[in-house]
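Engineer: My structure is below; once you've seen it, I'll send some questions.
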Amino acid sequence: MDALHLPRLFETIIAHACQIVPELSHIDPTRIFVGVRKLAPRRLGQTVGLLHIKKRGLFCPAPKTIIVNEREIFYVVTLSARLVSHKHASVDALETVMHELWHIGPECDGKIRAARHGKKFNETVRTLCNTYLDRGGTRICSIDHNARVRIRHLRGHTLCERTTTLARLLPTIHTYTCPNGHLVTRPRRISRPSSCATCSKKFHPDFLLRPIV
Ligand SMILES: [Zn+2]
Ligand SMILES: [Zn+2]
């Protein structure tokens, strides 16, 4: 079976949303580069405006333009591959996409919208999602972890693209337990002997953490 092209999947949804949601009609989807990759566990998406990158509090033009399909790119939207994992069903992929689109400036000129994260931002995102679904938009599918997927992202101005399995793109969480049954989770494997901080503030060999398999 062919690998599922995740960036194209999101591109289709973004193009559809910009067409049917009036609040997103200012966005020209051909100005957006959509990347999908493994992101840090807490990060679901990221939007960078390319014409006005903030440096030391000042806005200045991006040093070099990025051309994709003969169009100059104004925004790079990077989404976490875990958005399509059924194991992370609590994560609403559609909300993440709408969230990133709402960061795009009202002129779609490479600037980021002057709106801070918070209650109002999240309310707007929810409204965008509802409008999109009411007008015939569909939720983003979730796929099996063994499925082969095509992903890509920009490293500087270089396009990195590869095929892998979804499982390899999911955040890993390592779980450990101490002799008293306390559970400890870590984003990385523990490399040296560690003891349970609940049982003893200082390292103590009686309370060693052991991995749960
Ligand atoms: Zn955001
Ligand atoms: Zn303990």
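Engineer: Testing the spin-label approximation: label points 7 Å from Cα along Cα→Cβ at ASP206 and THR177. State their distance in nm.
Structural biologist: Taking the two extended label points, one gets 2.0 nm.
Engineer: How far is helix 6-20 tilted off the main Cα axis of the chain, in degrees rounded to 10, range 0 to 90?
Structural biologist: For 6-20 against the chain, the angle is about 50 degrees.
Engineer: Still on this structure: Determine the percent antiparallel among the DSSP beta bridges restricted to the chain, to the nearest 5. Before the final figure, lay out the partial values.
Structural biologist: On the way: 27 of 36 bridges.
Antiparallel: roughly 75 percent of the beta bridges in the chain.
Engineer: Continuing with this model, one more query. Quote the convex hull volume per residue of the chain, based on C-alpha atoms, as a whole number of Å³. Walk me through the numbers before you get to the answer.
Structural biologist: Working: hull volume 38.3 nm³, N = 213.
That works out to 180 Å³ per residue.
Engineer: Cα gyration tensor of the range 172-213, axes a ≥ b ≥ c as square roots of the eigenvalues: rounded (a/c below 1.5), prolate (a/b > b/c) or oblate?
Structural biologist: Numbers: a/c = 1.96, a/b = 1.54, b/c = 1.27.
It comes out prolate by the Cα gyration axes.
Engineer: Check which residues have an amide H placed less than 5 Å from ILE143's amide H, if you skip close sequence neighbours.
Structural biologist: SER85, HIS86
No value in this document is a laboratory result; all are computed from the given coordinates. Everything numeric in this text was worked out from a predicted model, so none of it was measured. In this analysis, Cβ positions are derived from the backbone assuming ideal geometry, glycine residues included, and neighbour counts consider all displayed protein chains.
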